[in-house]
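Comments concern the structure below.
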Amino acid sequence: MADQPFELPDFYVPHPARLNPHLESARAHDKRWAVEMEMIGPTKDGGPEIWSEAYFDGMDMAGLCAWAHPDAPGDRLDIVTDWYTWVFYFDDHFLALFKRTKDQQGAKAYLDRLMAFMPLDLSDPPQWTNPVERGLADLWARTAPRMSMDWRKRFAVSTENLLVDCVWELDNIANGRIPNPIDYIGMRRKVGGAPWSAGLVEYTEGTEVPERVAHSRPLRVLRDTFADGVHLRNDIFSYQRETQQEGEVNNGVLVMETFLGCDTQQAADALNDVITSRLRQFENTVATELPPLFAEHRLLADEQIAVARYVKGLQDWQSGGHQWHLTSNRYMNERAAPMPGQRRGSKFLNGIGTGSVSVGGAA
């Protein structure tokens with residue numbers, strides 16, 4: 001890869017990242033599942049090879065989920081790791097088949113089928129025709145029966161929004177259109193992957209946000225600020241791959257660079273300032289708006305605990321996702337500063353005390 005186009009900024013990471021003790025079993029399980037779904041290597045029907053085994057190993061989806069969901073039981077960590085493997089495979093599969101070819105009609109037909117593999121009533125889905133459909137059908141059957149109808153509806157909507165995101169991104173690429181920062185952040189918040197991730201936080205925590213407050217303003221603010229932090233951080237780490245290899249125009253650094261008329265380093269720093277602002281608003285909302293919300297809706301103790309566990313899960317994801325970006329082969333991180341106790345080139349922190357290692361700034 002070419003030289004880095006900018007130095008990684010000093011990220012604000014207010015909560016320590018912790019590593020799930022079930023990492024190794026999740027890693028072994030996930031690879032078996034990806035092989036079974038034909039996501040590694042060419043498919044048996046002659047479909048394109050999206051991931052080689054070496055590339056799959058280097059991404060380390062289990063590492064992402066072990067950092068992002070440090071308290072998930074082993075069985076739930078296995079399933080959520082498969083979910084992330086599916087969503088990243090979907091992203092790369094869509095890139096290969098439709099973004100690079102700018103095939104908008106084919107993309108629409110491909111995306112229109114996918115929601116049929118998430119039946120809210122748990123009825124039988126259609127026969128799958130590719131690894132994306134196969135993986136989604138398998139995951140829905142393993143996840144949805146354990147969750148309420150309200151959760152299924154919310155998670156299905158966030159999954160469908162991921163598909164809308166692909167159409168919006170493809171249209172921008174096809175027309176060479178770089179959105180302005182306001183439109184970009186708003187659209188990414190609406191259709192990006194973080195609201196989907198927030199749904200999986202409920203699953204891994206083994207509790208659901210009470211339906212009567214799930215759509216309240218404070219919970220919406222928490223989801224929005226969480227989403228902005230996740231999406232914009234990913235844009236900083238993804239800038240080099242997306243702009244130099246994929247021809248992507250939907251990237252927050254590129255948006256800032258174009259709109260502000262500044263160099264890439266200044267754009268990355270400006271975007272990082274936005275991330276910091278959003279994370280601080282998350283913290284302020286937790287401290288000042290949740291207690292009045294609990295009182296207004298007279299939430300019972302177990303309902304308040306459910307919301308608190310959800311908030312903790314979002315904080316864990318924010319810090320754990322940052323840690324994973326420092327190690328995964330998908331991202332620009334060659335000159336990222338090693339964390340305390342981590343040697344350059346090592347993927348993970350090992351040994352006693354790693355569960356509470358803080359991941360501070362990355363230079």
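The values are calculated or read from the model by the stated rules, or taken from the named source; none is laboratory data. Not measured: the values here are computed from a predicted model. Neighbour counts are summed over all protein chains in view; Cβ atoms, including those assigned to glycine, are modelled from backbone coordinates with ideal geometry. Areas reflect the complete protein model, heavy atoms only, side chains present, ligands, DNA and RNA absent. Shrake-Rupley method; radii C 1.70, N 1.55, O 1.52, S 1.80 Å.
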| Do any helices (runs of 4 or more DSSP H) entirely within segment 75-177 hold 3 or more residues that are within 26 Å of Leu254 (Cβ to Cβ), and if so, which? | 104-114, 149-174
| task | Enumerate the pairs (first residue in segment 101-126 and aromatic (Phe, Trp, Tyr); second residue anywhere and part of a loop (DSSP other than H, G, I, E, B) and loosely packed, with under 14 Cβ neighbours inside 10 Å) with beta-carbon separation below 9 Å, excluding pairs fewer than 6 apart on the same chain, so at least 6 apart or on different chains. | result | Phe117/Pro126
| request: List the number of the failed condition for Trp140; all other conditions in (1) at pLDDT 95 or above; (2) closer than 25 Å to Lys312 by Cβ; (3) under 19 Å from the mean Cα position of the chain (by Cα) hold. | output: (2)
| Under 8 Å by Cβ, and 6 or more places apart or on different chains, what pairs join a residue from segment 183-207 that is closer than 30 Å to Phe259 by Cα with one that is open to solvent by 10 Å² or more (accessible area, probe 1.4 Å) and not in a helix (DSSP H, G or I)? | Met187/Pro179
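Let's see how each residue does on (1) in a loop (DSSP other than H, G, I, E, B); (2) farther than 22 Å from Ser319 by Cβ; (3) in contact with a Cys (Cβ under 6 Å, 6 or more places away or on another chain):
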position: Leu19; (1), (2), (3): yes, no, no
position: Lys31; (1), (2), (3): no, yes, no
position: Pro48; (1), (2), (3): yes, yes, no
position: Ala72; (1), (2), (3): yes, no, no
| note | Looking across segment 5-34 at residues that are open to solvent by 30 Å² or more (accessible area, probe 1.4 Å) and over 22 Å from the mean Cα position of the chain (by Cα), the single one that is modelled with the highest pLDDT is Glu7
| task | Any chance you could count how many residues in segment 181-204 are farther than 14 Å from Glu160 by Cα and open to solvent by less than 20 Å² (accessible area, probe 1.4 Å)? | result | 8
| remark: Result of the Cβ filter at 8 Å on segment 216-234, keeping first residues that are farther than 14 Å from Gln315 by Cα and partners that are among the small types (Gly, Ala, Ser) and open to solvent by 10 Å² or more (accessible area, probe 1.4 Å), at least 6 apart or interchain, is His231/Gly193
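So, in segment 35-46, how many residues would count as being part of a loop (DSSP other than H, G, I, E, B) and either modelled with pLDDT of 95 or more or not acidic (Asp, Glu) (or both)?
8
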